[in-house]
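Take a look at the structure below.
Values in this text are rule-based calculations from the coordinates and carry no lab data. If you're wondering where the values come from, they're calculated on a predicted model, not measured in any experiment. Here the Cβ positions follow ideal geometry from the backbone for every residue, glycine too, while neighbour counts run over all protein chains shown.
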Amino acid sequence: MSSLHLNAVRQFEQAASLLGLSEADRAILAVPKNEVIVNFPVTMDNGTVEVLTGYRVQHNNSLGPYKGGMRFSPAVDLDEVRALATWMTFKTALVDIPFGGAKGGIAIDPRNYSAGELERIVRRFTFALGSNIGPDHDIPAPDMGTNAQTMVWMMDTYSSMASVADRHTVRRVVTGKTVATGGSRGRDKATGQGVTFVLDAWLNRTGGSIDGKRVAIQGFGNVGEHAARTLVKAGATVVAAADHTGAIYNGNGIDPEQLWQYTSTHHGIKGAPDGEPITDDDLWRVDCDVFVPAALENQLCERRALDLTATVVVEGANGPTTPEAELVLADRGVTVLPDILGNAGGVTVSYFEWVQNRAGDAWTLSDVDARLRRLLRDATDETLAAAKEFDCTLRDAAYVVALRRLTTVMAQRGVFP
């Protein structure tokens, strides 16, 4: 399999060519600024010690502090984290929030550890990172395999290393916390909600509506589940859903709440009574209008792109479409709402949380949703305008919008010394 980071670089290089970007700017954005690798010991419940490896890649901070999730997954490696950090730089630039791009993680399956072991892993990882993260330097958030509790442990550990007077002011060192500990209302659903807001904005501008659309979703974790809920609330019908355990189809519609209750109890979709079981290959052939890949990278390959019946793909995951599949979809006239737009809801509400923490404020859910809808609508409009200006795909257009913001600031700041 090709390097995920090289795929990320190729994506922005296409937009860079459209803009006639300088070789200097391309070179700067093609590599991360910092790559932090820490090896740290953790005591397991049985008294043994495991030495784990953690990563934090900081890609670019021209627009503001580094920002990005912490991922716990067996697939985590330096190449993946580099790619995810790169995408985050362009994502924050596209939605015009004052953050840069970062990502981190540990190559573990959190399901193989007890709650106590996970807490020790998180706290030891945070301690090992030390000043490589900070409330105005690099701000982690939840990602695959982590959650609000993970962020609370990170915050508490980091704050315990701060001076006594600063232990409450540094809570914005992470976002995605529980509401009780300073998290933002709406953060848990933000990425899935953003999928719906972006699709709605695109449909509104192209003469369509979510109402009545048939949707298939790959991945039923935090992103897929909340995308399903908000899409159904907007009038769509979810006809198929899948995760790593299996896939189901129901032409009359799947109830996201019932499916979530089942998956929470049974740790996966397999055997869910909400629909008939189908194979993973069948999922990509389901008769639908909209397909939402909300799982891992490189899931929508060339073969699956040929099978797809949907006319629009909204990327809820990071990097779900391979370069080969991208060409097939373009040739078939399938619209792709790219990941740096389609899943930008999460980092946007993370920014809202950071702002609330700085101000000692707490916004209402309706206020959070309204602000999120507006920023994603504006980003969608700018992407559509760039696509028209350059006669290019929406992915290239999204990168054009992001690159214009990044390179304007980079030119004004210059290269030190």
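Between Ala362 and His244, what is the label-point separation in nm under the 7 Å Cα-to-beta-carbon projection?
Taking the two extended label points, one gets 3.5 nm.
At 222 nm, what value in deg cm²/dmol follows for the chain if DSSP H runs of at least 4 each add -39500 (n - 2.57) and the sum is divided by all its residues, to the nearest 500?
Numbers: 15 runs with 192 residues, N = 417.
The per-residue figure over the chain is -14500 deg cm²/dmol.
[x] 18.9; [y] 26.1; [z] 20.3: which one is mean projected area of the Cα convex hull in nm² as calculated from this entry?
Read-out taken from this structure: [z].
What residues of the stretch 291-305 lie in the reach of a label at Thr279, counting those whose backbone N is under 20 Å from a point 7 Å from the Cα along Cα→Cβ?
299-305, by backbone N distance to the label point.
Work out the length of the dipole vector of the stretch 1-108 about its Cα centre, built from +1 on the beta-carbon of each Lys and Arg and -1 on the beta-carbon of each Asp and Glu, and round it to the nearest 20 debye. Mind dumping the intermediate values first?
Working: 9 positive and 10 negative charges, 44 e Å.
My answer is approximately 220 debye.
Could you tell me the relative contact order of the stretch 190-337? Use alpha-carbon pairs under 8 Å, at least six residues apart, and round to a whole percent. Before the final figure, lay out each step's value.
On the way: 311 pairs, mean separation 31.8, N = 148.
After rounding, I find 21 percent.
Arrange Ser131, Ser184, Ser62, Ser2 by Cβ neighbour counts within 10 Å, fewest through most, would you?
Sorted ascending by nearby Cβ count, the order is Ser131, Ser2, Ser62, Ser184.
Could you go through the stretch 298-314 in sequence order and give the Karplus-derived ³J(HN,Hα) for each residue, using 6.51 cos²θ - 1.76 cosθ + 1.60 with θ = phi - 60°, rounded to whole Hz, and x for Gly and Pro?
Residue by residue, the stretch 298-314 yields 6, 7, 8, 8, 4, 4, 5, 5, 6, 7, 4, 9, 5, 9, 9, 10, 10 Hz.
Show me, for the stretch 316-325, the HN-Hα J-couplings you get by feeding each phi into the Karplus relation (A = 6.51, B = -1.76, C = 1.60, θ = phi - 60°), rounded to Hz, glycine and proline as x.
x, 8, 8, x, x, 9, 6, x, 5, 5
From the backbone phi of the stretch 64-77, what are the Karplus-calculated ³J(HN,Hα) couplings (6.51 cos²θ - 1.76 cosθ + 1.60, θ = phi - 60°) in whole Hz, Gly and Pro given as x?
x, x, 4, 8, x, x, 10, 10, 10, 7, x, 7, 5, 8
List every residue whose amide H lies under 5 Å from the amide H of Ser184, counting only residues 5 or more places away in sequence or on a different chain, with H placed 1.01 Å from N in the peptide plane.
Close amide H contacts, sequence-distant or interchain: Gly176, Lys177.
Only counting other Cβ atoms within 10 Å, I'd like Thr408, Thr383 sorted with the fewest neighbours first.
Values: Thr408 12, Thr383 28.
With the sparsest Cβ surroundings first, the list reads Thr408, Thr383.
Let me make sure I get this right: for the stretch 190-337, a, b and c are the square roots of the gyration tensor eigenvalues over alpha carbons, sorted descending. Under 1.5 in a/c it's rounded, otherwise prolate if a/b > b/c, else oblate. Which is it?
On the way: a/c = 1.61, a/b = 1.22, b/c = 1.32.
The shape class here is oblate.
Using the structure shown, select from Lys67/Lys91; Lys177/Lys233; Lys33/Lys67 the pairs with a Cα to Cα distance greater than 22 angstrom.
On the way: Lys67/Lys91 10 Å; Lys177/Lys233 25 Å; Lys33/Lys67 13 Å.
Violating the 22 Å limit, Cα to Cα: Lys177/Lys233.
Amide H to amide H, which residues 5 or more places from Thr245 or on other chains are under 5 Å from it, using H placed in the peptide plane?
Under 5 Å from the amide H of Thr245 lie the amide H atoms of Ile269, Lys270, each far enough along the sequence or on another chain.
Using the number of other C-beta atoms within 10 angstrom as an exposure proxy, rank Trp87, Trp260, Trp153 with the fewest first. Show your work: numbers first, answer last.
Working: Trp87 27, Trp260 16, Trp153 21.
Fewest to most other Cβ atoms nearby, the residues stand as Trp260, Trp153, Trp87.
Taking a ≥ b ≥ c as the square roots of the Cα gyration tensor eigenvalues, with a/c under 1.5 meaning rounded and otherwise prolate when a/b beats b/c, else oblate, which class fits the stretch 162-273?
Working: a/c = 3.43, a/b = 1.58, b/c = 2.18.
In terms of gyration-tensor shape, oblate.
Specify whether the C-alpha gyration tensor of the stretch 31-173 places it in the rounded, prolate or oblate class, a ≥ b ≥ c being the square roots of the eigenvalues: rounded for a/c under 1.5, otherwise prolate if a/b is larger than b/c and oblate if not.
Working: a/c = 2.01, a/b = 1.32, b/c = 1.52.
It is oblate, given that a/c is not under 1.5 and a/b is not larger than b/c.
How far, in nm, would the chain grow between His137 and Val49 when pulled straight, counting 0.36 nm per residue and subtracting the alpha carbon separation?
Details: separation 88, 0.36 × 88 = 31.68 nm, distance 3.14 nm.
Going from the current span to full extension adds 28.5 nm.
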